[in-house]
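One structure is given below, encoded as structure tokens.
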Amino acid sequence: MNQFLQILASGGVLGAVYAITALGFLIVYNATKVINFAHGDFVMMGGLITAALSSAYGVPPLAAALVAVAVVAGLGVSLDRLAIQRARRKEHLTLVMITIGAASVFRGLMEIVVGRDIYFMDPFPGPVRITLGGVQIPGQGLWVLAALVLVAAGLWFVFRRTLLGKAMRAAAGNGRAAQLYGIDPQLMSAISYAMSGGLGALAGAVIVPLASGYYQTGLYFGLKGFAAAILGGLGNPFGAVIGGVLIGLMESLAAGYISSGYKDSIALGVLLAVLLLRPSGLFGSSEAVRV
Amino acid sequence: MSAASPLMREYHANLKGMVAFAVVLVLVGFAVTGSYPKTMLIFAMIHAIAAIGLGLLFGHGGQISLCQGGLLGLGAYISADFVRLLGLDPSLGLIAATLLPAGFGWLVARPLLQLSSHYLAMATLALGLILSIFYTQWVWLTGGADPGISNLPPFTPFGLQLGSTNAMFWVCAVILLLVLLVAINLIHSRMGRALRALRSGEVPAAALGVDTVRSKVAIFAIAAGMSGLAGGLYANFTRAFNASGFEVGLSIDLLIMVLVGSVRSPWGAVSGAFLITILPAFLEDFDRYRLFSYGILMTIIMVFMPDGLASAVFDGVRALARRRRT
């Protein structure tokens, strides 16, 4: 029983990371209807930059995470400005291919700048671990959960209560009409990429002390984050959080009771199953995914 | 259709191109004697076979696939295990390496191809990753990530000694020409025209009587078969490989080969495969900058010339020539 709870706890922490990743997917998807295949690499870069700064240059973890978030948000904006916006009138497949190319660019950039080493780092400040009813949760896990709560509350506030959030929703809903009201859709797109990059980097930064930073990990973060987003019904932030936690729990259970070699295939299997059987996800509106 | 129609002329031009290409391959085969350059040429031809399939799927079918690397691996393992575990003739292994991945492609295509572009990309990416997870986990079939398959006997179909680098060059050249012939005939067949109609719009194509689902499934299966065949050749040539060779990176590389050439013609896939495979050998310390520069290349091509790089250059030259004439 205790082992079961322990597995649930670590799955929940992992799930929180996938949930933040899924929210990042969502912001760009809602604003531009583009699925950003480079999003997983935002997460990878956030973690890798944080870990490299902290372990190689002795930068305090929180400062390193802040730098990582800022850098990746900037890279997100440049992806939008330099590539996506220039091709925004081309067909959808072209935009998808651009983000696949961008994923390779980000991976290669990290390979050149940071190198091919695997970086480990100490946890963020706070208790090393806390024990709750016999279940041990690493202190870093609390940072992860706090980050998810903060991000979810922050996004809710921005999109429901601020003028910027309303402008972004308006531009996403009907770009032409929003433009007539003085909203610049290109600016909204750039802001959504900045937010998405920042969120991805944050997810990477909070999980990296429990995992490791390496330039090849973006693919898995991307697929699992997307699996979470589509499981929750793409476009639905509440669903994305639930989807992320579910994927994390399933993966943790699979690693604990089946085989750790197959744990990555769980999220992939869920992704395929949802796409093929119920593309609107658990909480999605009946959006026409199929053609 | 009369013999003078533009389509027919294009077909004849393609056939003449094939003859020219065969002559070039023969000349190169005799001129290049070193083992290393010949190895690079063999890899280029193997990649070209897979890229032709992907080019048909992407350029003509308008469908993206990010699991071609995984399918190439499927062909490699099938070909190797037919010889290694079943003790069958390598020729049977090669045939199975083509037909079984094609069958697999046919099975998965029906559900997958109902998805629109970005979902299809995600789904095939997931499928490619699932394949590579199985390649590392099913050690009894694949040898896993380490050591993988080693000491596969040399390629001796029907007892012919074709295992040497020199002989494999000719084997790959003949098979590449056959695959090209299939691709060219396919483009100029009823199905090729159906696919062309399909790419410009699924609903109008269906209205004209094109069985859209069947055409898409067929082209996916054919592309999978070509990838598998390339994998079979890869297994028989290297005779030692492991699961790390068939990761998503290979699928992206194949896609870049198609994009560097042209998405509209199998010649684009062939030239892209030769360029992307052979060029890095001339650049020192390229491995470190490979991901970055290929990513930049792919992004630039997609932003400015989504029909492919060589295609855009070709069109540009033709437009210039026309302007000069008038």
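Throughout, read-outs are computed from the coordinates displayed, never taken from laboratory work. Please read these numbers as outputs of a predicted model, since none were measured by experiment. FYI the Cβ positions are ideal-geometry reconstructions off the backbone, even for glycines, and counts take in every protein chain you see.
Key figures for this structure:
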| item | result |
| --- | --- |
| Estimated dipole of chain A in Debye, rounded to 20 [Cβ of Lys and Arg +1, of Asp and Glu -1, Cα centre] | 800 |
| Order of B:Val263, B:Val32, A:Val17 - criterion: other Cβ atoms within 10 Å of each residue's Cβ, fewest first | B:Val32, B:Val263, A:Val17 |
| Helix A:163-173 vs. chain A, principal-axis angle (Cα, 0 to 90°, nearest 10) | 70 |
| FRET efficiency, B:Leu283 to B:Val24 (Cβ-Cβ, R0 30 Å, nearest 0.05) | 0.80 |
| Charge dipole (the protein assembly as shown, unit charges on Cβ, about Cα centre) - positive-most of B:Leu162, B:Ala230, B:Val260 | B:Val260 |
| Highest-MSF residue in chain B out of B:Asp146, B:Asp287, B:Asp89 [GNM, Cα springs under 10 Å] | B:Asp287 |
| P(r), alpha carbons of the stretch B:6-281 - 10 Å bins starting at zero, rounded % | 7, 31, 36, 20, 5, 0 |
| Magnitude of the charge dipole, chain B, Cβ model with Lys/Arg +1 and Asp/Glu -1, debye to 20 | 1200 |
| Span-like helix ranges in chain B, DSSP H, alpha carbon extent 15 angstrom or more, Kyte mean at least 0.0 | B:6-31, B:35-55, B:68-84, B:90-112, B:117-137, B:165-187, B:212-238, B:248-260, B:266-282, B:290-304 |
| Rough spin-label spacing in nm, given labels placed 7 Å along Cα→Cβ, for A:Ala56 and B:Glu10 | 5.1 |
| Under 12 Å, Cβ to Cβ, from A:Ala178 - net charge with Lys/Arg +1 and Asp/Glu -1 | +2 |
| GNM top mover of B:Ala80, B:Ala205, B:Ala44 - chain B, alpha-carbon springs below 10 Å | B:Ala205 |
| Averaged over A:271-280, number of beta-carbon atoms from partner chains that fall within 10 Å | 4 |
| Computed E for A:Asp184/B:Ile300 - FRET, C-beta separation, R0 22 angstrom, nearest 0.05 | 0.30 |
| Two-site FRET efficiency, B:Trp140 against A:Arg160, from Cβ-Cβ distance with R₀ of 51 Å, rounded to 0.05 | 0.40 |
| Kirkwood-type radius of chain A, with distances r between different C-alpha atoms, in Å | 19.2 |
| Angle between chain A longest axis and helix A:39-57 axis [Cα atoms, degrees, rounded to 10] | 50 |
| For residues of A:88-99, the mean tally of beta carbons on other chains within 10 Å | 5 |
| For the protein assembly as shown, size of Cβ-based charge dipole, Lys and Arg +1, Asp and Glu -1, in debye | 1920 |
| Where Cα atoms sit under 29 Å apart: lysine pairs in the protein assembly as shown separated by 8 or more or lying on different chains | 12 |
| Candidates A:Gly115, A:Gly213, A:Gly244: whichever shows maximal mean-square fluctuation once chain A is modelled as a Gaussian network with Cα springs under 10 Å | A:Gly115 |
| Principal axis box of the stretch A:19-64, alpha-carbon based, largest edge first, Å | 40, 16, 15 |
